[in-house]
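To start, the structure under review is shown below, and the notes come after it.
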Amino acid sequence: MAKSLVVGRTNAGKTCFTINFADYLGLKELKFTLKQPAGFLSRRTFQLHTAKEELVASTNHTTKEIQQVQLQLPVGKGHKELQLMDTCGLVEGIHPEQKIRKAMAQTLSKLQQADIVLHIIDLAKLSNEKIQKISELDFEIYNYCKAEKCYVILANKIDLKVAQKNLSFLQKKLSQAEIIPISALYQQGFKEVKKFLLKNL
Ligand SMILES: Nc1nc2c(ncn2[C@@H]2O[C@H](COP(=O)(O)OP(=O)(O)OP(=O)(O)O)[C@@H](O)[C@H]2O)c(=O)[nH]1
Ligand SMILES: [Mg+2]
C-alpha cells in the first residue's frame, strides 16, 4: 500500500489536514496507529470532533509521533487504499527538548521511505509587514522532494486574507513543484488533493 507522508514546519496545519481529509473521504471515526520515535506502536480510535479538539492546536509541536490512518479513495465502483501519515513538525536548528529532536528525526526517516510527500506550507507565515520570505527549511524539503519523490505542496490557510497575496509569491519561488492551495480547516482544495493522490497511486 502506498505510504504518503504529511510534512512541514510545526503549526502549518498537518494534523488538521490529516483529520479533515479523512472526514472529507467519509470516515466516521479515525483509527490512528501511533508510532513513537522509540519504536512503540499503539492504536487509538477517535470520533472526528474529538480528534480535532485533542490533536489540533495553535501551540508548536502538538504532534510528537507518527499518527497514521488508512484511507480509501473511491475510483469507479472500487477504491484505492493509502496510508496517510501525520508527522512531528520540523524547525530549523537543534531543538532544546530531546523528545522533539527524536520525533523530528523520525519525521526525516519517514520522509526517505515515503512514496508520496504532501508538504504543508502555512501561507500566512510567508510574510510580515515588510518582507515575503520562504523559510530555509521549506526550501530544503522542496529541493529534496522535487528530485526524489512524488511530491505536492499544499499551500495552507488560504481562507485567511493575508494568505491570498502570498500564494503567487510561493508559486514563483517554488515553481518546479505542483502547488495546491487548500484550507485544511474548511476542507477547501480537497477535491484537487484527492485527484492528485488518485493520479499517483
Ligand atoms: N485559518 C486556518 N487555520 C488553520 C488551518 N489549518 C490549521 N489551522 C490552525 O493552525 C493551527 C495548527 O494546526 P495543526 O493542525 O495542529 O498544525 P500541525 O502542523 O499539526 O502542528 P504541530 O503538530 O504542532 O507541528 C491550529 O490552530 C489550527 O486550527 C487553515 O486552513 N486555516
Ligand atoms: Mg500536528
Exercise. Out of region 65-91, which residues are more than 14 Å from residue 3 (Cβ to Cβ), modelled with pLDDT of 95 or more and assigned to a loop (DSSP other than H, G, I, E, B)?
Worked result: 65, 88, 89, 91
For this session: Could you list all residues from region 37-57 that are surrounded by fewer than 17 Cβ atoms within 10 Å (Cβ to Cβ), within 16 Å of ligand 2 (Cβ to nearest atom) and in contact (Cβ under 8 Å) with a residue 12 or more places away in the chain?
Result: 44, 48
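Output the residue which, of all residues in region 127-150 that are of a type in the set (A, V, I, L, M) and free of Cβ contacts under 8 Å to residues at least 60 places away in the same chain, is farthest from residue 112 (Cα to Cα).
Once the filter is applied, the top-ranked residue is 131.
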Exercise. Within region 175-199, which residues are more than 16 Å from ligand 1 (Cβ to nearest atom), of a type outside the set (A, V, I, L, M, F, W, C) and farther than 16 Å from residue 76 by Cα?
Worked result: 175, 176, 178
For this session: Kindly list the number of the only condition in (1) modelled with pLDDT under 95; (2) under 18 Å from residue 87 (Cβ atoms) that fails for residue 137.
Result: (1)
Exercise. Which of the residues spanning region 89-101 are away from ligand 2 (no atom under 16 Å from the Cβ) and buried (at least 16 other Cβ atoms within 10 Å of the Cβ)?
Worked result: none
Exercise. Here are some residues: 109, 4. Which one is part of a helix (DSSP H, G or I) and either under 24 Å from residue 135 (Cβ atoms) or hydrophobic (A, V, I, L, M, F, W, C) (or both)?
Worked result: 109
Exercise. Which of (1) outside any helix (DSSP H, G or I); (2) at pLDDT below 95 does residue 121 not meet, given it meets every other one?
Worked result: (2)
Exercise. Looking at region 22-36, is at least one residue crowded, with 20+ Cβ neighbours inside 10 Å, among the aliphatic types (A, V, I, L, M) and more than 12 Å from ligand 2 (Cβ to nearest atom)?
Worked result: yes
Exercise. Only one of 147, 163, 155 is of a type in the set (Gly, Ala, Ser), outside any helix (DSSP H, G or I) and either within 23 Å of residue 3 (Cα to Cα) or modelled with pLDDT under 95 (or both); which?
Worked result: 155
For this session: Run residue 169 past the list (1) under 16 Å from the mean Cα position of the chain (by Cα); (2) more than 13 Å from ligand 1 (Cβ to nearest atom); (3) surrounded by 15 or more Cβ atoms within 10 Å (Cβ to Cβ); (4) assigned to a helix (DSSP H, G or I) and report the number of the one that doesn't hold.
Result: (1)
For this session: Considering only residues that are of a type in the set (Ser, Thr, Tyr) and in a helix (DSSP H, G or I), look in region 133-144 and name the one that is farthest from the chain's Cα centre (by Cα).
Result: 144
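Look at region 172-191 and say how many of its residues are over 16 Å from residue 6 (Cα atoms) and touching a residue at least 12 places away in the same chain (Cβ under 8 Å).
Qualifying residue count, region 172-191: 5.
Go through region 12-64 and count every residue that is among the hydrophobic types (A, V, I, L, M, F, W, C), within 9 Å of ligand 1 (Cβ to nearest atom) and not in a loop (DSSP other than H, G, I, E, B).
4
The values are calculated or read from the model by the stated rules, or taken from the named source; none is laboratory data. Because the structure is a prediction, the values reported are computed rather than measured. Note that each Cβ is placed from the backbone with ideal geometry, even for glycine, and that neighbours are counted across all protein chains shown.
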